[in-house]
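One structure is given below, encoded as structure tokens.
Bear in mind that the values in this text are calculations on the coordinates, not laboratory data. It should be emphasised that the depicted structure is a prediction, and the values quoted were computed from it without experimental measurement. Note that we place each Cβ from the backbone using ideal geometry, even for glycine, and neighbour counts take in every protein chain shown.
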2 protein chains.
Amino acid sequence: MEKLTLIKVGGKIVEETDSLTKLLDDFSKIPGHKVLVHGGGRSATAIAQKLGVESKMHNGRRITDVEMLKVVTMVYGGLVNKQIVAGLQALNVNALGLTGADINYMRSEKRPVKEVDYGFVGDVKEVDAGLLADLIKRGIVPVLAPLTHDKKGNLLNTNADAIAGEAAKALAQHFEVTLIFCFEKKGVLSNEKDDDSVIPLITPDLFDRYVSDGTVQGGMIPKLENAFEALRVGVKEAFITRAGELGKENGTRLIL
Amino acid sequence: MEKLTLIKVGGKIVEETDSLTKLLDDFSKIPGHKVLVHGGGRSATAIAQKLGVESKMHNGRRITDVEMLKVVTMVYGGLVNKQIVAGLQALNVNALGLTGADINYMRSEKRPVKEVDYGFVGDVKEVDAGLLADLIKRGIVPVLAPLTHDKKGNLLNTNADAIAGEAAKALAQHFEVTLIFCFEKKGVLSNEKDDDSVIPLITPDLFDRYVSDGTVQGGMIPKLENAFEALRVGVKEAFITRAGELGKENGTRLIL
């Protein structure tokens, strides 16, 4: 099978001109087939504030009411996604921006209301990567926004890490996939105050231990869970690293 | 050649829930290959106002400064485009929302500054409909937002009638294209106060006469010029009609 690199970058990297320029330059140099998944939360919060739409969070997750859904549709599907696509085209990367509704590649269901009503937030249910894989083989580079749809006419705000993990799993049927989650640090750190204390390798057993002793916490937990799940379903390699380290394999490698 | 229907709808139709629902329902029933091109100006103006971005117009054309470019990128490329795509997917139409930057299908150049500086407005220079045509033949229905790019990293605000005309011309190399411009009236009216005074047929000679005597004026002039130009370059049929009349061929037909 041909190789494919799927990179997920958080909002901060794509929302500031300097870091976005560097990211797109680094990304354009990655050889072979590739996919970029992006966030955009900080821009959504900023635009929502200007529009007078209140940003409500619960445990770091956004609550998406009908007005906030419009904001994230604008910001993730429009502003952030299309700026990335245009930027990549300038670097001769034939990018195609997609939400899950486009070519119906990722269907989700509105998260059931339990203790918290997250509103228009989608949990991924079905990925159809067939046409996506064909496009990639023709040289197209998908740029995936953190939005899915329920196939009933509703767009749903969807965690970008989950999009990356689900897309990687589905594309693993067509490619030898390397999944890379980029965040602010060089990798998962054993000492959060020491940027150079990157843990080079994490197995599921080590992961459990790091969660127990607090080395791994917060948003890193679902990120690693997504990555391990992807590995179990056929993704070849998974890394956690900093966007600036792309291509250097300096981060934390996850293995089963 | 296989047939393709390319429909351009103005902002008003796609910006109100009732008319959008009706449009998507009518559009989903059109047999065979199809493409939808949409505007979105009213929403852009409304969102811009809420964001404190001033809407400047010259002869009915928007002046797009850097802040307004962000607004139209959000509104045309995100809010309006993705709501249409999700709505069509619910009707089992396999829609794919695109700006000109996506798969680099439409490149433009920033309009030169003469008496007026329109800002980040693009005049279409190059359409690559090859991959687009392949996707259409696979059952994909492109939904084209009124945004292009300059292949240097900049998105450019682009008139939706021009997008429709240019896409129709390029697709005419691959399909037998019917181009339909929808607006608020049943067709071009001989008496603007009588909604039933639809002119059934307009030739270039009649067009010149109608422009001279004021029957055809304002935004209808470039719309008809676009349509005649498309016919000259190989588009099979062109109509001006109301969105509600889609499929009925009740509007104004243009012939060379």
Open item on the list: For A:Ile202, what residues show an amide H to amide H distance below 5 Å, using hydrogens built from the backbone and excluding near sequence neighbours?
Closed with: A:Arg253, A:Leu254, A:Ile255
- [ ] Run the dipole for chain B about the Cα centre, Lys and Arg Cβ at +1, Asp and Glu Cβ at -1, nothing else charged, and hand back the magnitude in debye, nearest 20.
- [x] 460
Task: Calculated SAXS-style log₁₀ I(q)/I(0) at q = 0.09, 0.13, 0.20 Å⁻¹ - the stretch B:11-135, Debye, Cα scatterers - done: -0.30, -0.62, -1.24
Open item on the list: Compute a Gaussian network model of chain A, connecting alpha carbons closer than 10 Å, and tell me which residue from A:Ala48, A:Ala243, A:Ala145 fluctuates the most.
Closed with: A:Ala48
Task: Partners for A:Lys185 among lysines (Cα-Cα distance below 18 Å; same-chain residues under 8 apart left out) - done: A:Lys8, A:Lys12, A:Lys22, A:Lys193, A:Lys223, A:Lys248
- [ ] Alpha carbons only, please: Rg and Dmax for the stretch A:3-254, in angstrom.
- [x] 17.2, 48
Task: Karplus-derived 3J(HN,Hα), 6.51/-1.76/1.60, for each residue of the stretch A:210-217, Hz, glycine and proline x - done: 5, 5, 4, 8, x, 5, 10, 8
- [ ] Please report, largest first and rounded to whole Å, the three semi-axes of the ellipsoid equivalent to the stretch B:122-183, where each semi-axis is the square root of five times an eigenvalue of the C-alpha gyration tensor.
- [x] 20, 15, 11
Open item on the list: Just to be sure I understand: of the beta bridges DSSP finds with both ends in the stretch B:3-254, what percent are antiparallel, rounded to 5?
Closed with: 35
- [ ] Classify the stretch B:186-256 as rounded, prolate or oblate from the Cα gyration tensor: take a ≥ b ≥ c as the square roots of its eigenvalues, call it rounded if a/c is under 1.5, otherwise prolate when a/b beats b/c and oblate if not.
- [x] oblate
- [ ] Rounded, prolate or oblate: pick one for the stretch A:1-66, where a ≥ b ≥ c are the square roots of the eigenvalues of its C-alpha gyration tensor, a/c under 1.5 means rounded, and failing that, prolate if a/b is larger than b/c, else oblate.
- [x] prolate
Task: In Hz, Karplus ³J(HN,Hα) per residue of the stretch B:59-70 (6.51, -1.76, 1.60; θ = phi - 60°; x = Gly, Pro) - done: 6, x, 9, 6, 8, 10, 7, 4, 6, 5, 4, 4
Open item on the list: Using a 10 Å cut-off around each Cβ of peptide A:94-100, what is the average number of partner chain Cβ atoms that fall inside?
Closed with: 6
Open item on the list: Among A:Thr73, A:Thr21, A:Thr148, which one shows the highest mean-square fluctuation when chain A is modelled as a Gaussian network with alpha-carbon springs under 10 Å?
Closed with: A:Thr21
Open item on the list: Can you classify the stretch A:64-112 as rounded, prolate or oblate using the Cα gyration tensor, where a ≥ b ≥ c are the square roots of its eigenvalues, rounded means a/c under 1.5, and otherwise it's prolate if a/b beats b/c and oblate if not?
Closed with: oblate
- [ ] Please identify, among B:Lys125, B:Lys193, B:Lys82, the residue showing maximal mean-square fluctuation in a Gaussian network model of chain B using a 10 angstrom Cα cutoff.
- [x] B:Lys193
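Below 8 Å, C-alpha to C-alpha, sequence gap of six or more: please give me the relative contact order for the stretch A:10-145 in percent. Write out the running numbers ahead of the final one.
Values: 188 pairs, mean separation 39.6, N = 136.
Computed value for the stretch A:10-145: 29 percent relative contact order.
Counting pairs of alpha carbon atoms under 8 Å apart in space and at least six apart in sequence, what relative contact order in percent does chain A give?
21
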TODO: Calculate one ³J(HN,Hα) per residue across the stretch A:219-234 by plugging θ = phi - 60° into the Karplus curve 6.51 cos²θ - 1.76 cosθ + 1.60, and present them in order as whole Hz with x for glycine and proline.
DONE: x, 5, 4, x, 4, 5, 4, 4, 5, 5, 4, 4, 4, 5, 9, x
Open item on the list: Taking the rotation axis that maps chain A onto chain B, which residue of A brings its Cβ closest to that axis, and at what distance in whole Å?
Closed with: A:Gly78, 1
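What 222 nm value per residue comes from the helices of the protein assembly as shown, counting each DSSP H run with n ≥ 4 as -39,500 (n - 2.57) and dividing by all residues, nearest 500 deg cm²/dmol? Each step should come with its number before you reach the end.
On the way: 18 runs with 176 residues, N = 512.
Helix contribution divided over all residues of the protein assembly as shown: -10000 deg cm²/dmol.
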- [ ] Once you have all Cα-Cα distances for the protein assembly as shown, histogram them in 20 Å bins from zero and send the whole-percent values.
- [x] 23, 54, 20, 3, 0
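For B:152-164, what's the mean count of beta carbons from other chains sitting within 10 Å of each residue's beta carbon? It would help to have the intermediate numbers written out before the result.
Working: counts 4, 9, 4, 8, 1, 0, 0, 0, 0, 0, 0, 0, 0.
Going residue by residue through B:152-164 and averaging, the value is 2.
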Task: the stretch B:113-213: GluC sites (Glu not before Pro) falling in loop per DSSP and having at most 14 other Cβ within 10 Å - done: B:Glu115, B:Glu184, B:Glu192
- [ ] For the protein assembly as shown, build the charge dipole from Cβ charges (+1 Lys, Arg; -1 Asp, Glu) around the Cα centre, then report which of A:Leu254, A:Phe207, B:Ala44 sits farthest towards its positive end.
- [x] A:Leu254
Open item on the list: Pairs of alpha-carbon atoms within less than 8 angstrom and 6+ residues apart define the contacts here; what relative contact order does the stretch A:144-192 have, in percent?
Closed with: 23
TODO: Starting from a label point 7 Å past Cα on the Cβ side, list the distances from A:Asp18 to the same position in the other copies, nm, shortest first.
DONE: 5.3
Task: For B:Lys151, distant residues with modelled amide H under 5 Å away - done: B:Ser108
Task: For the stretch B:12-51 and the stretch A:128-152, distance of Cα centres in Å - done: 23
